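The values are calculated or read from the model by the stated rules, or taken from the named source; none is laboratory data. These numbers come from a predicted model, not from an experiment. Backbone-built Cβ (ideal geometry, glycine too); neighbour counts: all protein chains shown. Note: accessible area is taken over every heavy atom of the protein model, side chains too, but ligands, DNA and RNA are not part of it. Shrake-Rupley method; radii C 1.70, N 1.55, O 1.52, S 1.80 Å.
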Amino acid sequence: MKMDHQEPVHKRRVRYKGTHPKNYKEKYKELQPDKYADTIAKVIRKGSTPAGMHIPICVQEILDFLQIRPGQTGLDATLGYGGHTQRMLQCLEGKGHLHALDVDPEESAKTEKRLRSLGYGEDILTVHLLNFARIDQVAKEAGSFDFVLADLGVSSMQIDNPDRGFSYKIEGPLDLRMNQQKGISAAERLEEISREELAGMLVENADEPYAEEIAREIINRQKRGGKICTTTRLREAVETALSFLPVAEQKETVKKSCQRTFQALRIDVNNEYEVLYEFLEKLPDVLRPGGRAAILTFHSGEDRLVKRSLKQFLKEGRYCEIAPDAVRPSAEERAGNSRARSAKLRWAVRSGKPSA
């Protein structure tokens, strides 16, 4: 019997409307940086962050403080896209070891693959799928560290991906979890929360001045059967809550209140303050005498926690020196990367004489 062999049908890439892609998944060039380096460079020159990427902040300031030397052992407590990680690995010059932590299984796997392709094998880099509150667990196996970095910002890859629900600007499920395999989503959290608790969360986690109005609108919508399960529905709730404001003020105020509302929910569903507190409590104990720790914060709540902890341990003698003031990104970096504008870098040095 004669067999009819058919050629496989070539599936064309979905085309986007207009001259430039707006949808995250249509930005196929930005999502393939190895293949389209020219496109990546062009996006960065415009002061934007390419889709699927994260531009590390305060890199030189961090390296200047950490003073990494070949042969040392270090910890990147928040791996993310691996920008800081790669620069720290370069400082080790193939000698020593760097441990890196991340709770996001999807992004950490991509970053590990990228770093391995650059030649950083298991002899120099170990990636742990762990929350950075578990630094004592890593130190128990690896020994204490000469340097530690914690970048507390949400990675651009997470913010820009609509499937993660981190941004009010694009439609997506209202999730906001760093690890989507654990815990409950922000949408589920809103279903169980009271108006009083939600208003308190908005104030405590984001200093939201219109916390009562926003909480009332969200809860009332849900009572009427309007489940807030997408980023767009949450943004619409904030817009309605602030509709009493003068028209001239509404656009900018809604934008800022949306940012704060999403921030407050993200902090809550990921237990970010509790995790940060635990990390800060354990930090001095995982550093060697003379060891250095740098922490990059992006909003007032976490910066207050970091500042208070460093001052407390300096007073107790566990640190011998801390940053007298927060270090800010340069004006040039802030102009070229909008996500650097709120960053603050604080640092501490562990008490005791460092080993030779």
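Can you pull out the chymotrypsin sites (Phe, Trp or Tyr not before Pro) in region 151-232 that DSSP calls coil and that have at most 15 other Cβ atoms within 10 Å? Taking region 151-232 and a limit of 15 other Cβ atoms within 10 Å, no loop chymotrypsin sites (Phe, Trp or Tyr not before Pro) are found. Coupling constants for region 174-190 follow from the phi torsions by the Karplus curve (6.51 cos²θ - 1.76 cosθ + 1.60, θ = phi - 60°), and in residue order they are 7, 9, 6, 7, 5, 10, 6, 8, 10, x, 10, 6, 5, 4, 5, 5, 5 Hz; glycine and proline get x. Amide H to amide H distances under 5 Å link VAL148 with LEU75, ARG292, ALA293, ALA294, where only residues 5 or more positions off or on other chains count and H is placed in the peptide plane. Per-peptide packing, taken as the mean over residues of other Cβ atoms within 10 Å, places 306-316, 95-105, 241-251 in the sequence 95-105, 306-316, 241-251 from highest down. Projecting the Cα atoms of LEU152, SER117, ALA100 onto the charge dipole of region 60-162, computed from C-beta unit charges around the Cα centre, puts SER117 farthest toward the positive end. The trypsin sites (Lys or Arg not before Pro) of region 114-194 that DSSP puts in a loop, and whose beta carbon has at most 16 other beta carbons within 10 Å, are LYS169, LYS182. Computed about the Cα centre, the dipole magnitude for region 208-343 is approximately 220 debye when only Lys and Arg (+1) and Asp and Glu (-1) carry charge, each at its Cβ. Computed from phi, the 3J(HN,Hα) profile of region 250-258 under the Karplus parametrisation 6.51, -1.76, 1.60 (θ = phi - 60°) reads 4, 4, 5, 5, 4, 4, 5, 5, 4 Hz, with x in place of Gly and Pro. Scalar couplings 3J(HN,Hα) for region 194-205, obtained by applying the Karplus form with A = 6.51, B = -1.76, C = 1.60 to θ = phi - 60°, are 8, 4, 4, 5, 5, 4, x, 4, 5, 6, 5, 8 Hz; x denotes Gly and Pro.
Once amide H atoms are built 1.01 Å from N in the peptide plane, which residues 5 or more positions from THR78, or in another chain, come under 5 Å H to H? Correct list: LEU101, ASP151.
Per residue, the accessible area of region 272-356 comes to 50 Å² when a 1.4 Å probe rolls over the protein heavy atoms.
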